[in-house]
Amino acid sequence: MIPPSGLCVGLDIDLDRIPEYLRSRTDAVERFNERVIAATRHVAACYKVNLAFYERLGRRGIEALYATREMIGDAYVIMDAKRGDIGNTSAAYATALFDDLRADAVTVAPYMGRDSVEPFLAVPNSMTYVLALTSNPGSNDFQRLTIDGEPLYQRVMRTVLSWQRQGDVGFVVGATHADELAGLRSVFPDVPFLIPGIGTQGGDAAATVAANGNGPAVFNVSRGLLYISTATDFDHAIKAEAERLATQMRS
């Protein structure tokens, strides 16, 4: 068996892209995810579930979300929700994600400041990944603004690390910013990073892993892994690609 790596498998399901023979099934998402998880469990460090792809399907999607959480079982799961609101609302979000969906980690947006993030940080034995430098083109609009001589994304990271917490905290740093990733690693060598954007979004796996160095991180791959094949035996192609990526990440 190949040991787990830093590979984070993103279960961001698009019904229009899964194999055609599954699409007409009412349980299409569940059956697709079941085979993806089985094909990757031996190499995946964790699974990232983006809630938006389930919520947009209504009740059917919510049922698939809970079923998927059960399929993941004891493996580490990141609920990618990007929540962040006034204190009592964030507290409700934290309860839903950590208690009900049994997330090991969640993603949050820090734009509203300390009290919008504190309810997540107050959960013991949990991980909160705060958005810092994201992989989308619009990250240029705000995240790179200079504040007192440093980019805003770095200021966000320094500030969040000063807040009291009972759980762990890390940051989302996109794979499309290899130079900035390397710079952040030199400043924050021991802080956990969730690094999305490898593959379809333009991040190069080898360059990203090299830029991260020896820092603690998981590297998320979603579309570049899930939709590598539309054949009936699509899970065979997913397994082979997951093993290739895992080997690259371990090296």
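The values are calculated or read from the model by the stated rules, or taken from the named source; none is laboratory data. Keep in mind that what you see is a predicted model, and the values were worked out from it rather than measured. Note: ideal-geometry Cβ built from the backbone for every residue, glycine included; neighbour counts use all protein chains shown.
Within segment 145-168, residues that are without any contact (Cβ under 8 Å) to a residue 12 or more places away in the chain and on the phi < 0 side of the Ramachandran plot sit with their Cβ atoms under 7 Å from residues that are assigned to a helix (DSSP H, G or I) and among the hydrophobic types (A, V, I, L, M, F, W, C), at 6+ positions apart or across chains, in these pairs: LEU145/LEU152; LEU152/PHE142.
Each row is one residue, and each column tells you yes or no for (1) outside any helix (DSSP H, G or I); (2) under 27 Å from VAL108 (Cβ atoms); (3) in contact with an Asp or Glu (Cβ under 8 Å, 6 or more places away or on another chain).
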site: CYS8; (1), (2), (3): yes, yes, no
site: ARG25; (1), (2), (3): yes, no, no
site: VAL29; (1), (2), (3): no, yes, no
site: ARG35; (1), (2), (3): no, no, yes
site: PHE53; (1), (2), (3): no, yes, yes
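The residue that is surrounded by the fewest Cβ atoms within 10 Å (Cβ to Cβ), counting only those in segment 126-150 that are charged (D, E, K, R) and either touching an Asp or Glu at 6+ places or on another chain (Cβ under 7 Å) or in a loop (DSSP other than H, G, I, E, B) (or both), is ASP148.
Evaluated against (1) over 18 Å from LEU11 (Cα atoms); (2) in contact with a helix residue (DSSP H, G or I) (Cβ under 6 Å, 6 or more places away or on another chain), LEU184 falls short on exactly one condition, (2). When PHE219 is tested against (1) in a strand (DSSP E or B); (2) closer than 23 Å to ARG155 by Cβ, only condition (2) is not met. Screening the candidates VAL123, VAL169, VAL106, VAL117 for the property of being at pLDDT 95 or above, aliphatic (A, V, I, L, M), touching a helix residue (DSSP H, G or I) at 6+ places or on another chain (Cβ under 8 Å) and assigned to a helix (DSSP H, G or I) yields one hit, VAL117.
Here's the yes/no breakdown for (1) charged (D, E, K, R); (2) touching a strand residue (DSSP E or B) at 6+ places or on another chain (Cβ under 6 Å):
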| site | (1), (2) |
| --- | --- |
| TYR129 | no, yes |
| SER135 | no, no |
| PHE142 | no, no |
| ARG155 | yes, yes |
| VAL160 | no, yes |
| ASP179 | yes, no |
| VAL187 | no, no |
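Answer with yes or no whether ALA91 is within 27 Å of PRO110 (Cα to Cα) and either among the basic types (Lys, Arg) or part of a helix (DSSP H, G or I) (or both). Yes, satisfied. If the condition is being among the small types (Gly, Ala, Ser) and free of Cβ contacts under 8 Å to residues at least 24 places away in the same chain, then segment 78-125 contributes ALA92, ALA96, GLY113.
Of all residues in segment 214-251, those being of a type in the set (Asp, Glu), farther than 21 Å from LEU194 by Cβ and surrounded by 14 or more Cβ atoms within 10 Å (Cβ to Cβ) number 2.
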